[in-house]
Amino acid sequence: MTEIALFILLLFGITWPWGVLVTPAAMSHGQWIFLAAFLPMVWMPTFIALSLTRYTQDAEAVRRELGVRLSVRRGWGIVLLAGATPLLIGAVALGVARAVGDGAPFIPSTALLTSIVIQVISGSTGEELGWRGFLLPRLRSRLGATGGAVVMGCLWALWHVPAFYTPGMPHRFMPMGPMLTLIALFGVFLAGLFYRSGDSVLPTMAAHISLNVVLGIGGVNLASFAFWMTMVVLTAPVALVSMVWSTARQRDLTDERVVA
């Protein structure tokens with residue numbers, strides 16, 4: 001419990017003030033200065049997770065943790081599926097929003113590669129070793145697979161709240177209720193991927209990058225209630241299926257051990 005509490009206290013205690021005070025100031029100096037200030041905040045979950053592992057155990061424990069979390073022990077199929085799912089959900093939500101008149105220009109094609117690279121090096125990657133790789137297994141050990149997934153998803157959603165009040169962040173234009181609900185549900189979906197893959201964060205990184213790319217390419221008014229509610233409605237059953245799928249896998253592994 002100590003590791004869980006320390007992770008949450010350190011993460012919220014450092015990143016909330018950082019996000020409110022530092023990133024808005026950096027925004028006025030241009031995109032790259034803003035990115036330089038933004039990256040430490042979104043990589044803080046990984047930094048704290050690895051630091052706590054080193055502090056409470058040893059350097060070898062950090063290496064073992066990274067070895068498991070960054071492995072592909074059950075094939076690349078789940079990584080590809082993880083990346084494709086948010087793209088499909090986003091495409092449907094985008095179509096619905098544009099159909100009801102909530103369309104907007106897409107980003108220029110020349111900016112697409114830069115946008116993808118930024119998503120890869122920012123929170124889509126930097127958050128996963130902390131939220132999924134470190135916190136989720138510890139919550140699972142105390143609350144069970146489903147309870148751990150739900151609590152992690154809710155905490156992850158709560159962590160995003162200051163962004164809705166931070167100048168320069170796109171969250172200021174998004175409806176908070178549907179967006180936070182989407183984050184919590186998407187967290188449960190990521191938990192299912194994590195469990196199913198044998199506790200690897202590579203599928204969760206792929207899904208997270210995919211979602212952020214969808215949200216970053218434009219094409220929709222960020223205030224569109226139709227867009228966000230469609231995302232929520234489609235993500236909810238996907239999250240449920242991912243948990244059932246991962247639970248079935250855990251049962252299969254248990255049966256195999258019993259037979260052996």
Query raised in the report: When you go through 39, 21, 9, 50 one by one, which is the residue that is touching a Leu at 6+ places or on another chain (Cβ under 9 Å) and on the phi < 0 side of the Ramachandran plot?
Result: 50
Query raised in the report: Is there a residue being surrounded by fewer than 23 Cβ atoms within 10 Å (Cβ to Cβ), at positive phi and assigned to a helix (DSSP H, G or I) anywhere in segment 143-159?
Result: yes
Query raised in the report: Any idea which residue in segment 154-173 is nearest to residue 244 (Cα to Cα), counting only those that are in contact (Cβ under 8 Å) with a residue 40 or more places away in the chain and not aliphatic (A, V, I, L, M)?
Result: 159
Report task. For segment 191-204, enumerate the residues that are surrounded by 20 or more Cβ atoms within 10 Å (Cβ to Cβ) and more than 13 Å from the chain's Cα centre (by Cα). Result -> 195, 196, 197, 200
Requested in this report: Report, ordered by the first and then the second residue, all pairs with beta carbons closer than 8 Å, sequence separation of six or more or different chains, a first member in segment 215-229 that is on the phi < 0 side of the Ramachandran plot, and a second member that is crowded, with 20+ Cβ neighbours inside 10 Å and in a loop (DSSP other than H, G, I, E, B).
Outcome: 222/174; 223/174; 228/174
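Applying the selection to segment 25-57, what residues are more than 22 Å from residue 136 (Cβ to Cβ) and surrounded by fewer than 16 Cβ atoms within 10 Å (Cβ to Cβ)?
Hits for segment 25-57 are 25, 28, 29, 30, 31, 32, 33, 35, 36, 39, 40.
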Report task. Filter segment 83-111 down to residues that are out of contact with any Gly (no Cβ under 7 Å at 6 or more places or on another chain), under 24 Å from residue 205 (Cα atoms) and not in a helix (DSSP H, G or I), then give me how many there are. Result -> 0
Query raised in the report: From the set of residues in segment 173-190 that are under 10 Å from the mean Cα position of the chain (by Cα) and of a type in the set (Gly, Ala, Ser), which is surrounded by the fewest Cβ atoms within 10 Å (Cβ to Cβ)?
Result: 184
Query raised in the report: List pairs: first in segment 69-96 and in contact (Cβ under 8 Å) with a residue 12 or more places away in the chain and at negative phi, second outside any helix (DSSP H, G or I) and among the β-branched types (Val, Ile, Thr), Cβ under 6 Å, 6+ apart or cross-chain?
Result: 69/201; 94/220
Query raised in the report: Within segment 39-75, how many residues turn out to be assigned to a loop (DSSP other than H, G, I, E, B) and in contact with a Gly (Cβ under 6 Å, 6 or more places away or on another chain)?
Result: 3
Query raised in the report: Any idea which of (1) modelled with pLDDT under 95; (2) small (Gly, Ala, Ser); (3) in contact with a strand residue (DSSP E or B) (Cβ under 6 Å, 6 or more places away or on another chain) is the one residue 111 doesn't satisfy?
Result: (3)
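The values are calculated or read from the model by the stated rules, or taken from the named source; none is laboratory data. In this text, all values refer to a predicted model and were calculated from it rather than measured experimentally. Note that each Cβ is placed from the backbone with ideal geometry, even for glycine, and that neighbours are counted across all protein chains shown.
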